[in-house]
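A quick write-up on the structure given underneath.
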Ligand SMILES: Cc1ncc(COP(=O)(O)O)c(C=O)c1O
């Protein structure tokens with residue numbers, strides 16, 4: 001059952017939003033880096049630790065069984081969130097970065113010199129560096145899909161890059177800097193036409209709207225729990241059953257084996273093949289609580305609310321002398337990267353903090369994108385379900401003060 005959208009009650013669900021920062025009410029606009037946690041997540045993790053905690057999968061006692069059930073219930077919750085075909089397609093990882101490294105390392109086993117990996121100018125380093133490893137170690141060639149000045153993925157440019165040597169197309173589903181959403185279905189069709197696989201980095205997209213991996217047509221989809229109102233330390237790799245089956249193991253040990261002898265080792269099936277060692281058990285409980293909490297909201301209404309906040313901020317900043325907004329793609333998500341002429345983004349962020357306003361400043365782990373934009377860093381305000389019109393206005397007022405202080 002979804003409740004009618006009510007920003008006030010959403011806000012009340014987040015204890016941290018009641019605190020003061022530098023004597024001012026906290027205005028948290030850094031959710032693209034990591035979202036705050038609702039009480040439902042905090043208390044689910046504490047309750048699990050208090051009542052049912054044990055290691056999973058290897059025990060025969062009551063607590064081990066309860067913990068295993070809770071861990072596998074979390075896997076089922078992620079399956080539902082992504083509309084995956086089977087819970088066996090859901091691998092728990094340390095986060096999105098870990099998930100992409102698993103896929104890249106698995107693919108690396110069959111990479112021949114000259115095989116191509118297609119990425120774009122607006123990827124997070126997590127979706128760049130693991131592919132650079134394949135370049136350094138096996139002679140793979142990285143091909144960079146261009147973006148337009150608005151920050152839209154240039155589909156014609158992308159189509160030219162995908163060819164018979166393309167092994168993997170690895171693209172963001174929504175940019176963490178520009179907020180651009182990519183057209184996954186069209187990209188999947190291009191990749192499929194050349195027998196290449198498609199990995200989508202869903203870190204931001206999964207937070208701002210429903211995701212249906214069966215409809216997207218990708219082979220892999222990754223995200224991190226901590227941006228989805230869940231805890232740190234856990235993320236998700238979804239892979240189509242055949243794609244996961246074809247992938248070799250990444251780390252060794254624990255639940256990922258079938259048998260081990262002095263001479264050989266055979267591997268467990270997915271998802272366990274990729275979950276070496278004790279997994280993030282309490283964090284899985286927290287992620288499930290986050291998904292359950294989110295599922296209680298009308299997600300399209302939340303997306304509309306976030307878009308409204310973004311529009312209000314952009315409307316006020318558009319035309320302000322010396323303020324440049326990065327990323328104006330149609331239908332983009334509620335992420336506002338901006339530069340202020342004559343002011344370093346770090347100074348902007350520090351001055352905003354004096355007014356209790358938390359924004360991020362830096363290269364946002366997207367240095368190739370910074371180069372494309374002709375900057376070394378930007379400031380970034382990102383909006384989440386719990387932000388309000390008052391937050392936007394407090395941000396705008398603090399920015400006006402910061403600009404006059406710096407001028
Ligand atoms: C688009 C995108 N991809 C990947 C990542 C990496 O996520 P994590 O550090 O949780 O592994 C982030 C985090 O900022 C991101 O925004």
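What follows is calculated from the coordinates using simple rules that are stated; it is not laboratory data. In this text, all values refer to a predicted model and were calculated from it rather than measured experimentally. Heads up, the Cβs are rebuilt from the backbone with ideal geometry, glycines too, and the neighbour counts pull from every protein chain shown.
For the stretch 1-112, the helices (runs of 4 or more DSSP H) that sit wholly inside it and include 1 or more residues that are surrounded by fewer than 21 Cβ atoms within 10 Å (Cβ to Cβ) and within 21 Å of the chain's Cα centre (by Cα) are 39-51, 62-82, 96-108.
Which residues, taken from the stretch 341-359, are within 24 Å of residue 25 (Cβ to Cβ), surrounded by fewer than 22 Cβ atoms within 10 Å (Cβ to Cβ) and in contact (Cβ under 8 Å) with a residue 12 or more places away in the chain? 346, 347, 349, 351, 353, 354, 355, 356, 358, listed by residue number. Of the residues making up the stretch 219-245, those that are away from the ligand (no atom under 16 Å from the Cβ) and touching a residue at least 24 places away in the same chain (Cβ under 8 Å) number 7. The condition of being touching a strand residue (DSSP E or B) at 6+ places or on another chain (Cβ under 6 Å) and either surrounded by 24 or more Cβ atoms within 10 Å (Cβ to Cβ) or over 18 Å from residue 85 (Cβ atoms) (or both) holds for residue 199. Looking only at the stretch 145-160, decide whether some residue is closer than 26 Å to residue 92 by Cβ, touching a residue at least 12 places away in the same chain (Cβ under 8 Å) and either in a helix (DSSP H, G or I) or more than 16 Å from the ligand (Cβ to nearest atom) (or both). The answer is no; no qualifying residue exists. For the stretch 161-195, the set of residues classified as over 21 Å from residue 209 (Cβ atoms) and in a loop (DSSP other than H, G, I, E, B) consists of 162, 163, 164, 165, 194, 195, listed by residue number. Residue pairs whose Cβ atoms lie under 8 Å apart, separated by 6 or more positions or on different chains, with the first residue in the stretch 117-133 and touching a residue at least 60 places away in the same chain (Cβ under 8 Å) and the second part of a helix (DSSP H, G or I) and within 12 Å of the ligand (Cβ to nearest atom), are 121/369; 122/369; 123/369; 126/96; 126/97; 126/100; 127/100.
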